[in-house]
Amino acid sequence: INGDFENNLQNRIIPNDKNNAKYHAVYNYFTNEFDRQISFIHKFYNSKLIPFELPNELTISIRNNYLNIGVEEKIFQKDSITYVLLYELFQVLKKLEFNYKPDLEKQKIRIVVNVYLSFIIDFLLSYQSADEFFETKLLFENSKKISSYQDIIKSIERFNSYQKKHISNDDLKNKLDNLILLLDVIWDINNDNKNIYIEHGDIKLNIESKNSEAFNIFYGIYKGTYIIRPFFDFRWRNISSGEKALLNIFSRFHSLTNNELFGKELKGNIIILIDEGDLYLHPEWQKRFVKILIDFLPVIFESKRNGFKRTLQIIFTTNSPIPASDLLSYNTIFLENTKDENGKSQTIVKDSLNEQKETFAANIHTLLSDSFFVKGGLIGDFASEKLDEIIDKLIKRIDLSKEERENMRKLIHQVGEPVLKIKLMQMYNDRYNLDIHERLDNIEKELGI
């Protein structure tokens, strides 16, 4: 989503209007989603309510490596003024890391240079007529003389000083101030402090509540730096897609408890709607999904408020039979897609499953085998097709070569369902006279040799 959106902005497929929120709503969404997760982790890091270990370290990577060869050609047309200026600047900054010998400083200067270029490109692409607006060329002034981190800071300060006098854009001033602070934070990283360090070109931040100061400083400055296009990608270490899905659910609900728009308006009776919240969860997590909601939601929404008891009603949809074993039948609605007498598709409401009438505490395998969920048995379609082929050849007594017979025998031995396997092997033995090596195989297996 991020990549498509940024590509559309850069290629002018969608209007580049920084005042129109819908054009960069996707970035707001990702930023807010991360804010919600971070706030939640700070509060619940050691809580027994959370059924998995919350991540404590954030990996921060440069979103676009502008030091790649030819990247400037993908951003601006070759005949534009900005392309000429950018090309010159790119060539200078690409050589900057060779002025530093320690590996840590090389990694830091790469990050600094990419953030610096990211800001310049973000700034240029944030205006409809970049060439006209950028007649001052101040961000590129003396670009050939940049030979150190300090020169980059001086370049930003010169432009900031000019814009204060001639442009007087308070928002841009704040962005430039924060850019300098952000670069200073990055340049001051020494790797002795394990709350913030650099590893393989990425910044690592510890966000546990007891070690949150370094993160709060970095993240607070960063959010006030970019105009439209964020410079960094954030990701958690050691967290599965299922755990991430649960983290999203937890953090979103938690954010509503103190949200200015909703938190103060929550009443005594709350209805919570969740659409396929178990979608990306491992079956083990699906089995625990209902209990997780029942344990967690009353705590964060507080069962008692201002002297009265608050009630919660949870309505959720699922395509899986696993959560159904935690639900009473009269609390469950089954929707089935069928066709009417005219062949038109329609959705009908059913009282229960097709074969199983009660769901609560029912065996999950029994629920899954109900034809409401799975039609045609519980064997995969590919395996079912192969077994049908074997049965068809055995019933029709088709002559097979020795190699084909051997392949059939090996496949039958791979069948996991014991009753089906025994029956197929019996049909195979009845159809073909076992040769000596097949007889020996069977005898050795029976004797456990």
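The values are calculated or read from the model by the stated rules, or taken from the named source; none is laboratory data. Fair warning: this is a prediction, and the values are worked out from it, not measured in the lab. Virtual Cβ from ideal backbone geometry, glycine too; neighbours counted across all protein chains shown. The area values use the complete protein model at the heavy-atom level, side chains included, leaving out ligands, DNA and RNA. Shrake-Rupley method; radii C 1.70, N 1.55, O 1.52, S 1.80 Å.
Computed from backbone phi, the HN-Hα couplings of segment 269-277 come to 10, 10, 10, 10, 10, 10, 9, 6, x Hz, rounded to whole numbers (Karplus: 6.51 cos²θ - 1.76 cosθ + 1.60, θ = phi - 60°; Gly and Pro given as x). The value of relative contact order for segment 149-224, using C-alpha pairs under 8 Å at least six residues apart, is 24 percent. For the pairs K175/K244; K106/K194; K194/K291, note any where the Cα-Cα span goes beyond 26 Å. Beyond 26 Å: K175/K244; K194/K291. For segment 317-416, the list of trypsin sites (Lys or Arg not before Pro) that fall in a loop by DSSP and count at most 12 other C-beta atoms within 10 angstrom reads K344, K357, K375, K396, R397.
Extending 7 Å from the Cα toward the beta-carbon at both L328 and I228 defines two label points whose distance is 5.5 nm.
Leaving out ligands, DNA and RNA, what percent of the accessible area of segment 155-202 is carbon and sulfur, probe 1.4 Å?
Working: 1050 of 2540 Å².
In segment 155-202, the share of accessible area belonging to carbon and sulfur is 41 percent.
When the C-alpha to C-alpha distance is required to be over 22 Å, the pairs from K386/K410; K393/K421; K410/K445; K287/K423 that qualify are K287/K423. For F360, the residues whose modelled amide H falls within less than 5 Å of its own, excluding neighbours fewer than 5 places apart on the same chain, are S329.
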